[in-house]
Every structure is written in structure tokens, then in C-alpha cells.
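Structure record follows, encoded as C-alpha cells.
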Amino acid sequence: MKQYIILLILLVSGALTAAPAFAQKSGTKHTVTGKVTDQSGEPLIGATVLVTGTTNGASTNATGDYLIQVPEGASLTFQYIGYEAKTEKVGARTKVDVKLEQSKQTIDEVVVIGYGTVKKTDLTGSVANVKMSDIKDVPVVSVDQALQGRIAGADIMATTGEPGATTSIRIRGTRSISASNEPLIIVDGVIDGIHDLNDINSADIESISVLKDASSTAIYGARGSNGVIVITTKKGRGIDGRPNITFKTDLGFSQLPRQLDIMDATEFA
């Protein structure tokens, strides 16, 4: 009888000892390190690294590196503002490097105004924004011709029928009888950099914003009373920092559809 009691005690004590050991083994954690970068290999500073399904996480440092304790069989979720979240199965790995892709979600359109940029949804003034990418295929020879009929409240009319002639721009009508009614043109922050839209190549323009209300006078004073045309030109470098150069050429000619049959001096006499 004593032998059975001793055997029972040994079995119970063995079970009690094995339970914590099994629990400890199942909850084993190991250290995982790695680096979070974008598609060009630049480190993402402050990216969030979370053990999937938990609040256990870490952040990347100035070089994009991180260090985190991960349970066996867990996964890591990598997140960064403006980038798509990514989940990686860790397994037995101790080093997990990840490249995040930029989010494809469309952001609100940004409008250039006299004192900076603002989201179009937050804009209170009357501003018309035209992207040159929308009118790049329009068969015209100058910027002002491409803008005809595209800006509400702006009348763009040719002064003469001569090819290449300047145009007259009136924003919300004529304000003065004797003074000039032409709007103020600003190119990349330079006032009076050009005096006519024909002076700039349309292929060099990124976008055009037209300030039509009284708020333009609060920025540019009386010179903005006829409206302001803000032109932003293209930059020579792409998103990845490498030079981005585009070459475009156009050729055109003008001729009369028919010659008028007129009298010479003898016939006129």
C-alpha cells in the first residue's frame, strides 16, 4: 500500500513540475532585429513594428533599425505613414529586413496660392487650378491659348489675328477705363518675371493657379486687383532624387486659306 502511495505522490509532483516547464517552453521569446526602408533603400525613421495581434511593438531609429522580442511562431506587422502596412512571418529568423511601398491612396488635391499651398477642400478663396498635364496634348502654340475656356471667370482673347499675337486676359471683367486691366503674373514666386504668357514655354510649366477674389489684394496689394496668375514650373529632379529631363519639340506653320482677288492700281483707277 505504501508503494502505491509513494508512486502516486511521485506522479502528481512530476505533473506539477512539467506544467510550468511546458508553459515556459510554449511562451519562449527570441530577439529579432532588422531594418525598415522604402523602395529606394532609404531608411524609414520612426516606423512602427508590432507583434501581429498584440500591442507589443517597437520603433525604428535614425538608421531604420529596430529590435523587438518576438514569441515563437509569431508575425511582425510593419507600419509607416504614407506607406502600405506589411506583415512578415518570423518563424525562427532573428533578422527581418522589410521594404515598404508607398500608399496608392489618393490624397486631396493641393492648390498653390500666394502664401504657400493648401488642400483644395480647405480652400476658402476663389482659386482656379490648371495642371498642364491635363492640356499637354492640346494643339496650341502658347499657354494662353491652352487656357481659353478652362478658367471660370477669366476671359482670354486674342488681340489681333496675327500668328503668335499676344492675348488679353480679363479676370472677372474690366475694372478701369484708363489703367491696365491685365492680371499680375508670378513665376515661382518672382513678381513680374514675365509680362505675357507667351514669354514662357508651356512645356516648362507644372501647374497654373489663378487667384480671382479680393484675397489676392491682401497679399499683393493694388497690383493684385486685376487678379493674379501664379505659375509653378517643373523641377529637374524626380521623386527619387535623380535628374529627370524631358525633351519635347513642336513645329507649325500658318497660311491664308485663299488669296483675295483684288484690283491693281490701274483697275482701281
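The values are calculated or read from the model by the stated rules, or taken from the named source; none is laboratory data. Here the structure is a predicted model, which means the values were calculated and not measured. When we count neighbours, we look across all protein chains shown, and the Cβ atoms used for this are built from the backbone with ideal geometry, even at glycine.
Taken together, the residues in segment 79-90 that are surrounded by 12 or more Cβ atoms within 10 Å (Cβ to Cβ), farther than 13 Å from I45 by Cα and free of Cβ contacts under 8 Å to residues at least 40 places away in the same chain amount to 5.
The single condition among (1) among the acidic types (D, E); (2) within 22 Å of Q102 (Cα to Cα); (3) at pLDDT below 90; (4) in contact with a Lys or Arg (Cβ under 9 Å, 6 or more places away or on another chain) that E72 does not meet is (2). If the condition is being without any contact (Cβ under 8 Å) to a residue 40 or more places away in the chain and exposed (fewer than 13 other Cβ atoms within 10 Å of the Cβ), then segment 177-203 contributes I177, S178, A179, G189, V190, I191, D192, H195, N201.
Looking at segment 114-136, which of the residues that are among the β-branched types (V, I, T) and modelled with pLDDT under 75 is nearest to G189 (Cα to Cα)? Taking the candidates together, the pick is T117. Taking (1) exposed (fewer than 12 other Cβ atoms within 10 Å of the Cβ); (2) farther than 27 Å from F253 by Cβ in turn, D134 satisfies each apart from (2).
Once segment 193-224 is narrowed to residues that are among the polar types (S, T, N, Q) and modelled with pLDDT of 75 or more, the residue that is farthest from A154 (Cα to Cα) is N201.
When restricted to residues that are free of Cβ contacts under 8 Å to residues at least 60 places away in the same chain and either touching a helix residue (DSSP H, G or I) at 6+ places or on another chain (Cβ under 7 Å) or not charged (D, E, K, R) (or both), segment 25-67 contains 28. For segment 46-78, the tally of residues that are of a type in the set (S, T, Y), more than 20 Å from A92 (Cβ to Cβ) and crowded, with 18+ Cβ neighbours inside 10 Å stands at 1. When D213, D188, D196, D250 are checked against the criterion of being acidic (D, E) and more than 19 Å from N129 (Cα to Cα), a single residue qualifies: D250. Any idea how many residues of segment 151-176 are within 19 Å of S209 (Cα to Cα) and either surrounded by fewer than 17 Cβ atoms within 10 Å (Cβ to Cβ) or modelled with pLDDT under 75 (or both)? Qualifying residue count, segment 151-176: 7. The set of residues in segment 137-150 being at pLDDT 70 or above, part of a loop (DSSP other than H, G, I, E, B) and not polar (S, T, N, Q) consists of D137, V138, G149, R150.
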